[in-house]
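The values are calculated or read from the model by the stated rules, or taken from the named source; none is laboratory data. For clarity, every value in this text was computed on a predicted model and none was experimentally measured. Cβ atoms come from the backbone with ideal geometry, glycine included; neighbour counts cover every protein chain shown.
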Amino acid sequence: MPLALLALAVVAFGIGTTEFATMGLLPQIADGVGVSVPHAGNLVSAYALGVVVGAPVLTGVGARIPHKRLLLLLTGLFVVGNAASALAPDYGLLFAARFLAGLPHGALFGVGAVVASRLVAPDRAARAVSRMFLGLTVANIVGVPASTALGQQLGWRSAYWAVAAIGLLALVALAVFVPHQPRAQQSGIRHELRAMGNRQVAIGLATAVVGFGGFFAVYSYLVPMLTHLTGISDSSTTLVLALYGVGMTAGTLLAGPLTDRALRPTLYGGLVLLAAALVTFYFTVHSTVPALVTIAFLGAMGSLITTPVQMLLMAKAKNAPTMAAASNHSAFNLANAGGAWLGGLVISAGWGWAAPSLVGGALAVAGLGLAFTGGLMDRGGPRSETVASSTGGTPAPAGEDTVPQRT
């Protein structure tokens, strides 16, 4: 189903573009609506708040809606939110529009991940999900720089209009290429909430918040770190961020087949390497070439842990994986907020611009500890649930978090 996966990747591309484009256009937006740049920065928080709220709420509301129809409704809301952002006449309405644009983010990724996993055989489910996530990583290479340049040349509203157009393209592609996937008879919000009560789901979400918080502790301050410590000019930081996106794309391509082969070892290895890369960056950030190599590796390791966490949550939520998959993106946005806050805390304390790297390394190690805790719980349980429980496969023995072959 390559065209169906491509349609899902286009959705992810639009989401990735709108999520990060605002950061590159804050001065233009601030001038346009008559506020300071720090005040305009709250628009990023408005979007993140929409993601955190919308993922469980919209997934719950749509628990009985067939997946394809729900994807179309959520994508339509995404288009409306970005068009409203382009039309907003003042700061207050723009803040509300950014919140609205963020609402379908998590639910789209959650439903999309479940749909992607069911388009292929169970032993290729993680690869299918990672192909959808490629749209998000490519957005960091192409979408965000292009929308930023467009907004700088034609005005910040044009960037949101471009994202709305991407959403319309995704809407058509989903309608044409994604097959109908009926809901199970026992589907519903109560069924989804019961699945969320699994302790392994809670540990998986905590792993995402804490472990990925390390990634965002550095990513949030990457530009000032590069300008103050590495000596890279402001005009060159866009290219460096694109390099970061290249690393993320490479990590996503690796994550799919590795997760299909061995889910937990991929998660453990990714967190170990992420922690090592973050600590290494503390030392390499002062030299251009070593810093750029480390940045690409950081992007790869950050993306490498995304797919196994997503698949783990879908597995542990038994046969109601949609809300767990969507809530993962709420967790990532909490990681974004928490990592950025802790990184800013050590900078404000006078520890220097490189200090967020050490904070990030500590968070990645803490996330690894949570992941190991979940693995030990698996070994003590009678059987391990897998994504196959919702795709027709056979559950794996305890501790083997792989997607099994179809029986």
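Give the residue that is surrounded by the fewest Cβ atoms within 10 Å (Cβ to Cβ), with candidates limited to residues of segment 287-301 that are farther than 12 Å from Gly251 by Cα and touching a residue at least 60 places away in the same chain (Cβ under 8 Å).
Filtering segment 287-301 for residues farther than 12 Å from Gly251 by Cα gives 287-295.
If we keep only those that are touching a residue at least 60 places away in the same chain (Cβ under 8 Å) as well, we get 291, 295.
Numbers: Ala291: 21, Ile295: 26.
Filtering segment 287-301 for residues that are farther than 12 Å from Gly251 by Cα and touching a residue at least 60 places away in the same chain (Cβ under 8 Å), the one surrounded by the fewest Cβ atoms within 10 Å (Cβ to Cβ) comes out as Ala291.
Can Gly110 be described as without any contact (Cβ under 8 Å) to a residue 24 or more places away in the chain, assigned by TED's automatic domain parsing to the domain that holds Ser147 and closer than 29 Å to Ser158 by Cα? Give the steps one after another, and end with the answer.
Numbers: without any contact (Cβ under 8 Å) to a residue 24 or more places away in the chain: no; assigned by TED's automatic domain parsing to the domain that holds Ser147: yes; closer than 29 Å to Ser158 by Cα: yes.
Criteria not met by Gly110.
Answer yes or no as to whether Val176 is assigned to a helix (DSSP H, G or I), surrounded by fewer than 20 Cβ atoms within 10 Å (Cβ to Cβ) and among the hydrophobic types (A, V, I, L, M, F, W, C). Break it down into steps so the answer makes sense when it comes.
Values: assigned to a helix (DSSP H, G or I): yes; surrounded by fewer than 20 Cβ atoms within 10 Å (Cβ to Cβ): yes; among the hydrophobic types (A, V, I, L, M, F, W, C): yes.
Taking the combined requirement at face value, the residue satisfies it.
Taking segment 336-361, which residues are modelled with pLDDT of 85 or more, buried (at least 24 other Cβ atoms within 10 Å of the Cβ) and out of contact with any Leu (no Cβ under 8 Å at 6 or more places or on another chain)?
Listed by number, the list holds a single entry, Gly343.
Would you confirm, using the coordinates I've provided, whether Asp234 is free of Cβ contacts under 8 Å to residues at least 40 places away in the same chain, of a type in the set (D, E, K, R) and farther than 24 Å from Trp341 by Cβ?
Details: free of Cβ contacts under 8 Å to residues at least 40 places away in the same chain: yes; of a type in the set (D, E, K, R): yes; farther than 24 Å from Trp341 by Cβ: yes.
Here the answer is yes, as Asp234 does meet what is asked.
Can you pull out the residues in segment 1-28 that are surrounded by 23 or more Cβ atoms within 10 Å (Cβ to Cβ) and of a type outside the set (A, V, I, L, M, F, W, C)?
Gly14, Gly16, Thr17, Thr18, Glu19, Thr22 - these are the residues of segment 1-28 that are surrounded by 23 or more Cβ atoms within 10 Å (Cβ to Cβ) and of a type outside the set (A, V, I, L, M, F, W, C).
Does Met314 fit the bill of being closer than 30 Å to Gly60 by Cβ and surrounded by 24 or more Cβ atoms within 10 Å (Cβ to Cβ)?
On the way: closer than 30 Å to Gly60 by Cβ: yes; surrounded by 24 or more Cβ atoms within 10 Å (Cβ to Cβ): yes.
For Met314, the condition - closer than 30 Å to Gly60 by Cβ and surrounded by 24 or more Cβ atoms within 10 Å (Cβ to Cβ) - is met.
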